[in-house]
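Okay, structure first, notes after.
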Amino acid sequence: MEKLDFLKSIRAARRSHIQWVDKAKSLVNGLPVKKEQIPLEVTECSFGKWFYAEGQSLLSFFTEEAIEKLDNKHKELHDIYMKIFKIYFPEPKGSFLSKIFQTKKEITAQEEHHALAYLGNLEEVSKELISYLNIIEKKLNKIDEETFLKHI
């Protein structure tokens, strides 16, 4: 893979991450969001699919510790979102069909307060993750194509 293509994949992963966070914001702000639109697992969201596949090539250029920081921020995001998810989509009681077709519940003022606090945390961690991606992109931009191809 050429350097430009890899940089494009980083940018696409960043955009996917931002869209994921925007869907979480929409949920907390009362807009209609289906629970399936915001993947819960770190390997299910578009960023995670990139990071745990193509993104592992970053280990050729950066220390394992640096990539682990990015991974930990990503996992932290999903942990925070899980708290939001459980407010709006609590474990349903009843039949199998009621679990499949579960919709967002009406929440109390206290639950809304908690969801907004979690969202604030989510946004802060998201900024950190994006900052890490920006640093990675800048460092990769400084590497010439020949050196890049030797390491990839």
Inter-residue pairs, beta-carbon under 9 Å, first of a type in the set (S, T, Y) and in region 53-81, second in a loop (DSSP other than H, G, I, E, B), 6+ apart: S57/M1; S57/I152; S60/I152; Y81/I38; Y81/L40
Out of all the residues in region 9-26, which are over 20 Å from T43 (Cα atoms) and not polar (S, T, N, Q)? K25
List every residue pair whose Cβ atoms sit under 8 Å apart, with the two residues 6 or more apart in sequence or on different chains, where the first one lies in region 29-45 and is touching a residue at least 40 places away in the same chain (Cβ under 8 Å) and the second, anywhere, is of a type in the set (S, T, N, Q) and in a loop (DSSP other than H, G, I, E, B). K35/Q102
Those residues of region 1-24 which are assigned to a helix (DSSP H, G or I) and acidic (D, E), in sequence order: D5, D22
Can you confirm whether region 36-55 contains a residue that is exposed (fewer than 11 other Cβ atoms within 10 Å of the Cβ), modelled with pLDDT under 95 and more than 22 Å from the chain's Cα centre (by Cα)? no
Report whether or not I84 is surrounded by 14 or more Cβ atoms within 10 Å (Cβ to Cβ), β-branched (V, I, T) and touching a residue at least 24 places away in the same chain (Cβ under 8 Å). yes
Could you go through region 85-93 and let me know if any residue there is among the aliphatic types (A, V, I, L, M), farther than 30 Å from A109 by Cα and out of contact with any Lys or Arg (no Cβ under 6 Å at 6 or more places or on another chain). no
Looking at region 42-81 only, could you name the residues that are of a type in the set (D, E, K, R) and not in a helix (DSSP H, G or I)? E44
Out of everything in region 103-144 that is of a type in the set (A, V, I, L, M, F, W, C), more than 30 Å from K86 (Cβ to Cβ) and touching a Leu at 6+ places or on another chain (Cβ under 7 Å), what residue ends up being surrounded by the fewest Cβ atoms within 10 Å (Cβ to Cβ)? L140
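The values are calculated or read from the model by the stated rules, or taken from the named source; none is laboratory data. Keep in mind that what you see is a predicted model, and the values were worked out from it rather than measured. Positions of Cβ are generated from backbone atoms using ideal geometry, with glycine treated the same way; all protein chains shown enter the neighbour counts.
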